[in-house]
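Single-structure report; data block below.
The values are calculated or read from the model by the stated rules, or taken from the named source; none is laboratory data. From a predicted model like this one, the values you see are computed outputs, not experimental measurements. All Cβ positions, glycine included, derive from the backbone under ideal geometry; neighbour counts span all protein chains shown. Heavy atoms of the whole protein, side chains included, go into the accessibility calculation; ligands, DNA and RNA do not. Shrake-Rupley method; radii C 1.70, N 1.55, O 1.52, S 1.80 Å.
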Amino acid sequence: MSTQEPRKPQATLELVAQRAGVSRATVSRVVNGSDRVKADARKAVEQAIRELNYVPNRAARSLAQGRTNSIALVVPENTAKFFADPYFAKVVQGAAQYVAGTEFMLTLLLSTESDPAKTTRYLQGGNVDGALVLSHHAADRSYADLGSLLPMVYGGRTMSTDQNEIYVVDIDNIAAARQATEVIIAQGRTKLAMIAGPQDMGAGLDRLTGFQQAVRNAGLEPAAVEIGDFTPASGHQIMQRLIGNNVDFDGLFTASAQMGFGALQALAEAGIKVPEDVSVTAVDDDSFARSSTPPLTTIAQFPERQGEIMAELLIKRIQGEQVPEWSIMDTQLVLRDSH
């Protein structure tokens, strides 16, 4: 008749401390990643943890700290736009990679069109310790109101003007647009059109400002400015409209590579050659920029790195550390065949 082996007692903080020859507080500091532990004590604790197969009780620790050890990445866009835009995927990837090296979990929240307040209720319900917010629109007042209740970091300049502390990770969109436009002007083009982004978003406003600055600095006037929504379809439709209205232009700056992709398709359909007839540049060095015909000259931003920085700053805020309110990332001019 077989007998079951007695179950080994689960390793506790106290047993680890006893095995390592240190105090319970020292073990706790090691487990929580504190740097206030001497190297030899840390080594002894880590060895004891391995020998005893100690697994920290994260649920109990979270309860004691008043935390969920979970953060949200909020995208106030519909599902179709989220999955069609490579920018979002890269930001999520960067944030997830950073969070994977911490004790936090990352929850992705897409705003629902049928019940946009659902996301706000979730964030207010104590389900997460903080939130990353992407693609912020002027109408997204609920997120601005949450800023006083929950640590938040925005990907891109927020449109809110009444928050005391706003933490943002972004590029200098004015400078990026100005540089992309100056590339066109350097080719001797004098009649410049722009397909701008939504004017209820920081990136949309700032890239229009950068275009206007470059044109004005060159002593020129814009041939046309049309407002799109950052998608290929809007770039295609607006370009068709410009061509149909016989707008005279020899240069085009689009506020996103996706709109540039669509605009290039419309130009090709109309028999207008790029760059022979029209010089074209954009912002975003994504799959749309690389696969367009011809490949787009762009200003590259680095959304994966943006996601990493956003997650790092948010977790530091949750842990009570001081972080800069503005983190401006570098960009890079990528010269291809469209200019």
query: Which whole-Hz ³J(HN,Hα) couplings does segment 205-217 yield from phi under the Karplus relation 6.51 cos²θ - 1.76 cosθ + 1.60, θ = phi - 60°, glycine and proline marked x?
result: 5, 5, 5, 5, 4, x, 4, 4, 4, 5, 5, 5, 4
- prompt: Under 5 Å between amide H atoms, partner at least 5 residues away or on a different chain: which partners does T107 have, H built in plane at 1.01 Å?
  reply: I71, A72, L73
- request: Can you tell me how much longer the chain between Q124 and E165 gets when fully stretched, taken as 0.36 nm per residue apart minus their C-alpha distance, in nm with one decimal?
  value: 12.9 nm
Mean ellipticity per residue at 222 nm, deg cm²/dmol - from DSSP H runs of n ≥ 4 across the chain, formula -39500 (n - 2.57): -13000 deg cm²/dmol
message: Please compute the per residue accessible area over segment 13-56 with all protein chains in place, 1.4 Å probe, rounded to a whole number of Å².
response: 65 Å²
- prompt: Can you give the convex hull volume per residue for the Cα atoms of the chain, as a whole number of Å³?
  reply: 200 Å³
message: How tilted is helix 257-269 with respect to the longest principal axis of the chain? Cα atoms for both, answer in degrees (0 to 90, nearest 10).
response: 30 degrees
- request: Would you please give the FRET efficiency between S23 and L149, computed as 1/(1 + (r/R0)^6) with r the Cβ-Cβ distance and R0 = 51 Å, to the nearest 0.05?
  value: 0.90
message: Please report the accessible area of S111 (heavy atoms, 1.4 Å probe, ligands and nucleic acids excluded) in Å², nearest 10.
response: 20 Å²
- prompt: How long, wide and thick is segment 13-56, going by the Cα atoms along their three principal axes, in whole angstroms, largest first?
  reply: 23, 18, 15
query: In degrees between 0 and 90, to the nearest 10, how far off the longest principal axis of the chain does helix 39-52 point, with axes built from Cα atoms?
result: 70 degrees
- request: Please state the charge dipole magnitude for segment 173-300, taken about the Cα centre, from unit charges on C-beta atoms (+1 on K and R, -1 on D and E), reported in debye and rounded to the nearest 20.
  value: 160 debye
task: Give the long-range amide H neighbours of S338: residues separated by 5 or more places, or on another chain, with amide H under 5 Å away, using H modelled in the peptide plane at 1.01 Å from N.
output: T297
query: What value does segment 188-318 have for Rg/Rh, both radii from Cα atoms and Rh as Kirkwood defines it?
result: 1.03
Theoretical gain in end-to-end length, T102 to A175 [0.36 nm per residue, Cα-Cα removed]: 22.9 nm
message: With the crude spin-label approximation of a point 7 Å out along Cα→Cβ, what separation in nm comes out for D330 versus T12?
response: 5.3 nm
message: Please list, in order along segment 297-307, the HN-Hα scalar couplings obtained from phi with the Karplus expression 6.51 cos²θ - 1.76 cosθ + 1.60 (θ = phi - 60°), rounded to whole Hz, x for Gly and Pro.
response: 6, 9, 9, 7, 10, 10, x, 5, 5, 4, x
message: How far apart, in nanometres, would the label points at D337 and A233 be if each is projected 7 angstrom from Cα along the Cα-to-Cβ direction?
response: 2.9 nm
query: In the chain, what percent of the accessible surface is made up of carbon and sulfur (1.4 Å probe, ligands and nucleic acids excluded)?
result: 49 percent
- request: Starting from the amide H of V133, placed 1.01 Å from N in the peptide plane, find each other amide H under 5 Å away whose residue is 5 or more places distant or on another chain.
  value: V74, V153, Y154, G155
- request: Run the numbers on segment 13-56 and let me know its relative contact order in percent, using alpha-carbon pairs under 8 Å that are six or more apart.
  value: 43 percent
query: Taking θ as phi - 60°, what are the ³J(HN,Hα) couplings along segment 172-180 by the Karplus curve (6.51, -1.76, 1.60), each to the nearest whole Hz, with x for Gly and Pro?
result: 7, 5, 5, 5, 4, 5, 4, 5, 4
query: How many nm is it between the label spots at K43 and I272, if each spot is 7 Å from the Cα in line with the beta carbon?
result: 7.0 nm
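Using a 1.4 angstrom probe, figure out how much accessible area segment 173-300 has per residue, in square angstrom, rounded to the nearest whole.
37 Å²
Mind ranking 47-55, 290-298 by how tightly packed they are, going by the mean number of other C-beta atoms within 10 angstrom, highest first?
290-298, 47-55
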message: Cα atoms only: what Rg and Dmax, in Å, come out for segment 212-279?
response: 11.7, 33
